[in-house]
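The values are calculated or read from the model by the stated rules, or taken from the named source; none is laboratory data. Remember, it's a predicted structure, so these values are computed and weren't measured experimentally. Cβ coordinates were reconstructed from backbone atoms using ideal geometry, including for glycine residues, and neighbour counts include every protein chain displayed. Side chains are part of the model used for accessible areas, which takes the heavy atoms of the whole protein and leaves out ligands, DNA and RNA. Shrake-Rupley method; radii C 1.70, N 1.55, O 1.52, S 1.80 Å.
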Amino acid sequence: MKIQQILLNDRPEGIPSPNTFKTVSAELPAPAEGEVLVKPVYFSVDPYLRGRMRDEKSYIPPFKIQEPIESGGVAAVVESKDARFREGDLVMPSGGKNFFPWATASIFSGDHLRKIDSSIPPTYYLGVMGMPGLTAYFGLMDIGKPKAGETVVISGAAGAVGLVAGQIAKIQGCRVVGIAGGAEKVKMLTDEFNFDVAIDYKNNPDITAAIGAACPNGVDIYYDNVGGEISDAVMYHLNPFARIPVCGQIALYNSTEIPMGPRIQPTLIKFSVLMQGFTIGNYTARYQEGIKQLGEWVKAGKIKFTETIVEGFDQLPTALLGLFSGKNSGKMIVKV
């Protein structure tokens, strides 16, 4: 069976270019006993994929040159040599395999697949009930520990994680301030997703003053998705015993030099601030807890979600690059 694959062609310096990717044809054998042939329906596109293009030690292995890029996804079973699966089943990777290769078809051991409930929109497993939703849930609840009446600031608030984190904070009785880029996104945050205030960093010449105006009682929790100058600005407004879950640093992912900013250790000491980085992999043993709670909130209408869906397997690189210029609202997904 002939398939198409998208490979990592080279390791980019700075922002990836079209030359970072290469599309090739390959031959896929028939599935052997215990194996399943799947075709992707949706691919998840996430900022952390940029980090995997670097050849450096991290919480997840780097991509290999001239091998397929991979990411989360939902696929349909085409042919099964495993009695647990049949043609048409919708599946996701599992059992130690967390990703599908960027390919128009692939073969997996049945032990590395799990069926999903087809009564739930499949994209929800990539967004609000998938990695972004779980990241928002555990980061906010475990590290942020929100209390009613506190002020929560979320950067990257119009992204897949930020949207869910903000709504969870509202469920906990907090006042929520979102930071996003562009008038359309900040309007979406307040009008559709129940944020109390939204700040447009792209059209605000003094982000530090804007945060101060939006948070007259200071900041108790800062859910950091972006890093860089926005995070520097939030630090000036932290309250004693503030908590900072550090989820992402998208403002820095394409940096070619080590960026310098304010030294934050004096602030952490002065105000007894907790700042903790994390990845969703820290919470593997508790996924079902998070999925159950998120599902209940979604069914109750307490959490809404939005997606940016790009169509076409060949658009995967374009969708990934779009993350770094803010082309998405909510979860970026490619529909194959």
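Taking the protein heavy atoms of the chain in the context of the full set of protein chains, the accessible area attributed to carbon and sulfur is 51 percent at 1.4 Å. Annotation: amide H of GLY159 within the under-5 Å range of GLY330, sequence separation 5 or more or interchain, hydrogens built in the peptide plane. The Cα atoms of segment 184-289 give a gyration tensor whose axes a ≥ b ≥ c have a/c under 1.5, which makes the shape rounded. For the chain, the alpha-carbon coordinates run over 63, 44, 34 Å along the three principal axes, in decreasing order.
With the helix formula -39500 (n - 2.57) applied to DSSP H stretches of n ≥ 4, the chain reaches a computed 222 nm mean residue ellipticity of -6500 deg cm²/dmol. Across the chain, Cα pairs under 8 Å and at least six residues apart give a relative contact order of 17 percent. Karplus-derived 3J(HN,Hα) values for segment 69-85, using 6.51 cos²θ - 1.76 cosθ + 1.60 with θ = phi - 60°, are 5, 9, 7, x, x, 10, 10, 10, 6, 9, 8, 10, 10, 10, 5, 6, 10 Hz; glycine and proline are entered as x.
Here the peptides 247-255, 220-228 are ranked by packing, the mean other Cβ count within 10 Å, and the order with the highest first is 220-228, 247-255.
Around PHE324, what is the net charge, scoring Lys/Arg as +1 and Asp/Glu as -1 over all other residues with Cβ under 13 Å from its Cβ?
+1
Counting Lys and Arg as +1 and Asp and Glu as -1 over every other residue whose Cβ lies under 12 Å from the Cβ of GLY73, the net charge comes to +1. Note that segment 67-164 presents 36 Å² accessible area per residue, ligands and nucleic acids not counted, probe 1.4 Å. Per residue, segment 197-336 exposes 52 Å² of accessible surface when a 1.4 Å probe is rolled over the protein heavy atoms with every protein chain present. Secondary structure note: in the chain, about 55% of the DSSP beta bridges are antiparallel.
The relative contact order of segment 34-159, computed from alpha carbon pairs under 8 Å that lie at least 6 residues apart in sequence, is 25 percent. Each peptide in 4-13, 298-307 receives the mean, over its residues, of other Cβ atoms within 10 Å, and ordering these scores from highest gives 4-13, 298-307. Of all aspartates and glutamates in the structure, the ones whose alpha carbon falls short of 16 Å from that of LYS299, not counting any fewer than 8 places away in one chain, are ASP117, GLU289.
Only lysines eight or more places from LYS81 in sequence, or on another chain, were considered; those with a Cα closer than 25 Å are LYS2, LYS39, LYS97, LYS115. Listed peptides 79-91, 56-68, 160-172, 177-189 appear in the order 160-172, 177-189, 79-91, 56-68 once ranked by packing, highest mean of other Cβ atoms within 10 Å at the front.
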